[in-house]
Amino acid sequence: MDYLFNEQQKMIQELSRKIAQEKIKPVAAKYDESEEFAWDIMKIIAESDLFGVYIPEQYGGLGGGITEMCIVTEEFSRACGAIALGFAGTGLGTFPILLYGSDEQKKKYLTRIAKGTVAAFCITEAEAGSDAGSIKTTARREGDYYILNGTKQWITNAGEADVYTVIAMTDKTKGARGATAFIVEKGMKGVEFGQKEKKLGIRASATREVIFTDCKVPKENVIAREGMGFIVAMKTFDSSRPGVAAQAVGIAQGAFDEALSYSRKRVQFGQPISSFQAIQHMLADMATQIEAARALVYATARMIDAGAKNVAKESSMAKLFASDVAMKVTTDAVQIFGGYGYMRDYPVEKYMRDAKITQIYEGTNQIQRNVIAANLIKESIKAE
Amino acid sequence: MNIIVCIKQVPNTTDVKIDPVTNTLIRDGVESVINPFDVYAIEEGVRLKERFGGKVTVITMGPPQAESALREAISVGCDEAVLVSDRKFAGSDTWATSYTLSCAIKKLGEFDIILCGKQASDGDTAQVGPGISTHLDIPQVTYVKKIEKIENGKAVVERMTEEGYDILETPMPCLFTVVKEINTPRMPSLKGMMRAKSAQIVKWTAADIDCDPQSIGLDGSPTRVVRIFTPPPRKGGEIIKGDAAQVSQELVQLLKDIVI
């Protein structure tokens, strides 16, 4: 299907597809096995200018938006959903600065990120998952600094990233209005990282705790202002969810590509299994679902790029639908491969393992449904 | 430093089909790409520019659609591109091709190094690079796997051989053909792709390059292709088992039988 991308977007798609197929795909299984962060690939992505696709030109980027970020994420994920996260997780960590940062903060950090500095977003804690309001990490003002204490959990790109955007409580008595967003650098005193988590999928993506112990952060590193933390986080997710959705579409497409090609080669009962209607219908359903998910992703991305104010509902729909499609399609891809699909020597089981996280992170799909429903009801009340 | 890289656009397949009547390559329906070995020459040219400064000019002789190969070369760092294209060049063999390219290079003016891939993946002759150096009367080193040093108008390079490599020093200007061991070609950058899209490609015809009309195209090509065929694949070997004395006797007998 033609999504009517402009010249530059087509170029971005062509280049990210080339990198994905020529550089990422050949090493995806290796990094899945070793669980290492693919720095060699990050270097290639950085040198190709792709880290900057969604960063404004005045900060060294290419001046694109969510659409461009989604194009790159989809293409990379088609080869490896985990390596793609080095790029997409950086996007998540960058949005708070992009959306609410001061000009100085943008100059200082976006210019570095556009060149390939990896970033990370830190909100989740052991007891603050879907219930992001129960964050325990604190930030205490002391003169020109804030002192951060607490432990963030399951942070994508942790340890590898140089720039961290962190949500911490500056005033617990105010509840959600007492949270503040900070920019913390890896080298700052009092920042440490926990053990690397052992995961079902996206194993090449680094997932670790980020531990703050009396970490001194200059007050210039507050994003927006004190008390804005949750708004920063929620708006960040509104912008980043299409990225997760694009990752899901890419994973689904990658698994589908493998399944289609395998079904034409695998011979049973004297003919390729692609000649059986049972397989044909599976392939038709998979391809249709992927295309529907992709259409939702890019429609949402366009809407955000066009400057729409409230995009929570649409971006949740894109994330919810695309990630459910990814889980379904990758499971069916394994099914088409049969016993071979279950073997780690073949590429499809990895897609299935990688797909699962897209239903969980950046808000579980249950939370997405809450967001969608809340917005539907709000819109309905408004219309009365 | 002025660096010139000669490239060729080839069909993107290892399974080249030959027209049985004309004995030429069938290009229809096959996507065209830069000859894989030339990609290493482009990369080396860009690296030399990064090491020593200067500019890289990429040049090709071919049909108008070869322009896309030149734009691709610009996207990975080449500065200027020249397309030498004319119906009069049709039917050129390696002699006429290298003559034509050498005329175009003369027209480009002064240069320090010419880089070519070791051979093209379609014709596989490995003759055009050496041919250019002959027409220009400059030294050539083929199968270069490393450019070690360039100073005082001389270059020191490693030339790959079957057993290892030679270290050679040559005065400049000179021509190198490179092997894939020389580098790992980079991916294009987005900024490079944008530059490539808008870059001005210089287009020269036979009239522009001051060449002898009798020495170009089919008329200038002494080669006559009588027939092209794929040699039959080698039959599998035979493994002789048993104790050493018996095996060696058997082997000697076998060698005697096929009359070495």
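Residue by residue, here is whether (1) open to solvent by less than 90 Å² (accessible area, probe 1.4 Å); (2) free of Cβ contacts under 8 Å to residues at least 12 places away in the same chain; (3) among the β-branched types (Val, Ile, Thr); (4) within 12 Å of chain B (Cβ to nearest Cβ) holds:
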site	(1), (2), (3), (4)
A:3	yes, no, no, no
A:6	yes, yes, no, no
A:47	no, no, no, yes
A:53	yes, no, yes, yes
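I'd like to verify a number: residues in the stretch B:196-206 that are more than 14 Å from chain A (Cβ to nearest Cβ), in contact (Cβ under 8 Å) with a residue 24 or more places away in the chain and open to solvent by 80 Å² or more (accessible area, probe 1.4 Å), how many?
1
Provide a single number: the residues in the stretch A:227-250 that are of a type outside the set (S, T, N, Q) and over 18 Å from residue A:171 (Cα atoms). Before the answer, list the steps.
Step one: list which residues in the stretch A:227-250 are of a type outside the set (S, T, N, Q), which gives A:227-235, A:237-238, A:241-246, A:248-250.
Among the residues that remain, those that are also over 18 Å from residue A:171 (Cα atoms) are: A:234-235, A:237-238, A:241-246, A:248-250.
Looking only at that region, the number is 13.
Name the one entry in A:43, A:25, A:30 that is at pLDDT 95 or above and either assigned by TED's automatic domain parsing to the domain that holds residue A:239 or under 15 Å from residue B:189 (Cβ atoms) (or both).
Values: A:25 fails: either assigned by TED's automatic domain parsing to the domain that holds residue A:239 or under 15 Å from residue B:189 (Cβ atoms) (or both); A:30 fails: either assigned by TED's automatic domain parsing to the domain that holds residue A:239 or under 15 Å from residue B:189 (Cβ atoms) (or both).
Matching residue, one of A:43, A:25, A:30: A:43.
Here are some residues: A:143, A:150. Which one is assigned by TED's automatic domain parsing to the domain that holds residue A:221, of a type in the set (Gly, Ala, Ser) and more than 30 Å from residue A:354 (Cβ to Cβ)? Give the steps one after another, and end with the answer.
Working: A:150 fails: more than 30 Å from residue A:354 (Cβ to Cβ).
Result of the check over A:143, A:150: A:143.
Quick one: how many residues across the stretch A:8-32 are more than 10 Å from chain B (Cβ to nearest Cβ) and either open to solvent by less than 70 Å² (accessible area, probe 1.4 Å) or touching a residue at least 40 places away in the same chain (Cβ under 8 Å) (or both)?
Matching residues across the stretch A:8-32 total 12.
Tally up the residues in the stretch B:220-260 that are free of Cβ contacts under 8 Å to residues at least 60 places away in the same chain, surrounded by 10 or more Cβ atoms within 10 Å (Cβ to Cβ) and not in a helix (DSSP H, G or I), please.
So the answer is 2.
Quick one: residue B:45 ticks every box in (1) within 17 Å of the chain's Cα centre (by Cα); (2) open to solvent by 10 Å² or more (accessible area, probe 1.4 Å); (3) not β-branched (Val, Ile, Thr) bar one, so which box is it?
All conditions are met except number (2).
Name the single residue, out of those in the stretch B:19-42 being among the hydrophobic types (A, V, I, L, M, F, W, C) and open to solvent by 30 Å² or more (accessible area, probe 1.4 Å), that is modelled with the lowest pLDDT.
Step one: filter the stretch B:19-42 for residues among the hydrophobic types (A, V, I, L, M, F, W, C), giving B:21, B:25-26, B:30, B:33-34, B:37, B:39, B:41-42.
Remaining after also requiring open to solvent by 30 Å² or more (accessible area, probe 1.4 Å): B:21, B:25-26, B:30, B:33, B:37, B:39.
Working: B:21: 76, B:25: 71, B:26: 74, B:30: 79, B:33: 92, B:37: 96, B:39: 97.
Within the stretch B:19-42, the match that is modelled with the lowest pLDDT is B:25.
Would you say residue B:82 is at pLDDT 95 or above, under 24 Å from residue B:159 (Cα atoms) and open to solvent by less than 40 Å² (accessible area, probe 1.4 Å)?
When the stated conditions are applied, residue B:82 does not pass them.
Select from the stretch B:149-195 the residues that are within 14 Å of chain A (Cβ to nearest Cβ) and loosely packed, with under 14 Cβ neighbours inside 10 Å and write down the one among them that is nearest to residue B:86 (Cα to Cα). Let's see the steps before the verdict.
Filtering the stretch B:149-195 for residues within 14 Å of chain A (Cβ to nearest Cβ) gives B:184-195.
Checking the rest, the ones that are also loosely packed, with under 14 Cβ neighbours inside 10 Å come to B:184, B:191.
Numbers: B:184: 33, B:191: 31 Å.
Checking each candidate, the answer is B:191.
Just the residues that are touching a Pro at 6+ places or on another chain (Cβ under 7 Å) and either open to solvent by less than 20 Å² (accessible area, probe 1.4 Å) or of a type in the set (A, V, I, L, M, F, W, C) (or both), please, taken from the stretch A:221-261. Step through it out loud before you land on a result.
First, the residues of the stretch A:221-261 that are touching a Pro at 6+ places or on another chain (Cβ under 7 Å): A:223, A:232, A:236, A:258.
Once the filter is applied, which keeps residues that are touching a Pro at 6+ places or on another chain (Cβ under 7 Å) and either open to solvent by less than 20 Å² (accessible area, probe 1.4 Å) or of a type in the set (A, V, I, L, M, F, W, C) (or both), the stretch A:221-261 yields A:223, A:232, A:236.
Based on what the data block shows, is residue A:268 of a type outside the set (D, E, K, R), surrounded by fewer than 20 Cβ atoms within 10 Å (Cβ to Cβ) and at negative phi?
Values: of a type outside the set (D, E, K, R): yes; surrounded by fewer than 20 Cβ atoms within 10 Å (Cβ to Cβ): yes; at negative phi: yes.
Considered against the rule, which asks whether it is of a type outside the set (D, E, K, R), surrounded by fewer than 20 Cβ atoms within 10 Å (Cβ to Cβ) and at negative phi, residue A:268 comes out as yes.
Would you check if there is a residue in the stretch A:83-92 being within 12 Å of chain B (Cβ to nearest Cβ), buried (at least 17 other Cβ atoms within 10 Å of the Cβ) and at pLDDT 95 or above?
no
In this structure, does residue A:330 turn out to be in contact with a Ser or Thr (Cβ under 6 Å, 6 or more places away or on another chain) and either assigned to a loop (DSSP other than H, G, I, E, B) or not basic (Lys, Arg) (or both)? I'd like the intermediate steps shown before the answer.
Details: in contact with a Ser or Thr (Cβ under 6 Å, 6 or more places away or on another chain): no; either assigned to a loop (DSSP other than H, G, I, E, B) or not basic (Lys, Arg) (or both): yes.
In short, no.
Are there any strands (runs of 3 or more DSSP E) wholly within the stretch A:166-252 with 1 or more residues that are at pLDDT below 95 and in the same structural domain as residue A:128 (by TED's automatic domain parsing), and if so which? Steps first, answer last, please.
Numbers: elements: A:179-185, A:191-196, A:207-218.
It comes to A:191-196.
The values are calculated or read from the model by the stated rules, or taken from the named source; none is laboratory data. None of these values were measured; they are calculated from a predicted model. Positions of Cβ are generated from backbone atoms using ideal geometry, with glycine treated the same way; all protein chains shown enter the neighbour counts. Keep in mind that these areas ignore ligands, DNA and RNA; they rest on the heavy atoms of the full protein, side chains included. Shrake-Rupley method; radii C 1.70, N 1.55, O 1.52, S 1.80 Å.
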